[in-house]
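So the structure is just underneath, and the comments pick up after that.
The values are calculated or read from the model by the stated rules, or taken from the named source; none is laboratory data. All values reported here derive from a predicted model rather than from experimental measurement. A quick note on method: Cβ atoms are made from the backbone with ideal geometry, for glycine too, and the neighbour counts reach across all protein chains shown. To get the accessible areas, we keep the full protein, side chains included, count just its heavy atoms, and leave off ligands, DNA and RNA. Shrake-Rupley method; radii C 1.70, N 1.55, O 1.52, S 1.80 Å.
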Amino acid sequence: CGDFLALKDLADFCGKAGFSVVQLLPVNDTGTQSSPYSGLSAFALHPLYIRINALPEFKAAMKGNKTFSTAYKAFEKEFTYKRRFDYDAVLGEKIKLLHLLYNYIEKKNTPKAKGGITSAPSEEAEKLAKEMAAFVRDNKWIIPYAVFKNIKDENMQASWKSWEPSLQKLTRDQIQLKWKNKAKKSSHDFFVWCQLRAAQQFKEGAESLRAKKIILKGDIPILMNEDSVDCWTWPEFFRQDLRAGSPPDGGNPMGQNWGFPTYDWDRIEADEYTWW
């Protein structure tokens with residue numbers, strides 16, 4: 001499995017080989033689903049594609065946190081140069097490492113109290129806090145996404161349709177209240193940090209292609225998984241009584257049911273395509 005920064009190596013290869021276009025499959029977060037078209041979010045990037053050892057916090061954590069450094073070395077030993085890519089195992093271990101790294105950052109950046117006096121936040125802590133606040137301000141989708149991902153963690157990744165009834169039908173105002181819950185701030189901030197760093201690495205990789213005059217062509221999961229933050233947050237935009245698929249053909253005489261709800265285009269249009 002590549003990562004966002006692997007685009008830099010790909011840019012070098014394409015430049016030498018004379019290729020002028022690179023197309024990617026969708027890079028959206030798909031949760032535990034390995035298909036890139038089974039989007040858990042229409043907006044969030046997949047944390048699987050974060051290069052952990054290129055994160056700005058990595059070196060300090062390797063030196064300052066034995067739990068993280070031991071886990072990272074074990075991860076490298078286990079998964080580097082394997083003949084086959086074990087999606088579930090790699091994803092699970094990467095998420096664990098990201099949690100360990102963020103816990104280290106959070107602990108390191110927490111102001112210390114001594115003799116009744118609390119120290120001021122470090123320059124590094126203030127910079128990260130500003131970066132994250134700006135990311136939230138510019139990407140409003142991160143709020144329902146972080147709340148959704150946190151509840152999913154608390155429910156062992158179960159579909160939102162099997163959560164307790166009160167959580168299944170939260171209004172957008174109620175989601176905002178959950179986002180502001182101080183007890184959940186650390187959990188929500190973890191997902192903000194992951195998306196911030198993923199976006200930065202993706203941008204760096206994409207710019208390396210553009211610098212060599214190579215076109216980066218994207219793709220989107222045009223249909224959302226019913227177990228997605230979008231179907232949960234904006235249920236009025238989806239027809240849960242219908243499923244998308246393909247008509248009968250030679251290999252599939254009964255056609256295909258992909259299991260994705262279709263869009264309620266009238267409701268989307270009435271909302272002036274805000275979500276879309």
- Note on the structure: Heavy-atom accessible area of the chain with neighbours in place, 1.4 angstrom probe: carbon+sulfur share in percent works out to 54 percent
- Message: At 0.36 nm per residue, and after removing the present C-alpha to C-alpha distance, how many nm does the segment from Ala129 to Thr32 gain when stretched out fully?
- Response: 32.0 nm
- Query: Can you give me the relative contact order of the range 16-65 as a percent, contacts being Cα pairs under 8 Å and 6 or more apart?
  - Reply: 24 percent
- Item | Helical contribution to [θ] at 222 nm, DSSP H n ≥ 4, -39,500 (n - 2.57), averaged over the chain, rounded to 500 | -15500 deg cm²/dmol
- Query: Any idea of the accessible area per residue across the range 104-229, 1.4 Å probe, to the nearest Å²?
  - Reply: 60 Å²
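With an 8 Å cut-off on Cα pairs and a minimum separation of 6 or more residues, tell me the relative contact order of the chain in percent.
Value for the chain: 28 percent.
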- Query: Extension gain Trp258-Lys77, at 0.36 nm per residue separation less the Cα-Cα distance, in nm?
  - Reply: 61.4 nm
- Choice from Asp230, Asp189, Asp138 showing the highest fluctuation, given a GNM over the chain with Cα pairs closer than 10 Å: Asp138
- Item | Percent of beta bridges antiparallel (DSSP, the chain, rounded to nearest 5) | 70 percent
- Say each of Glu154 and Gln23 gets a label point 7 Å from the Cα, pointing the same way as Cα to Cβ; how far apart are those two points in nm? 4.2 nm
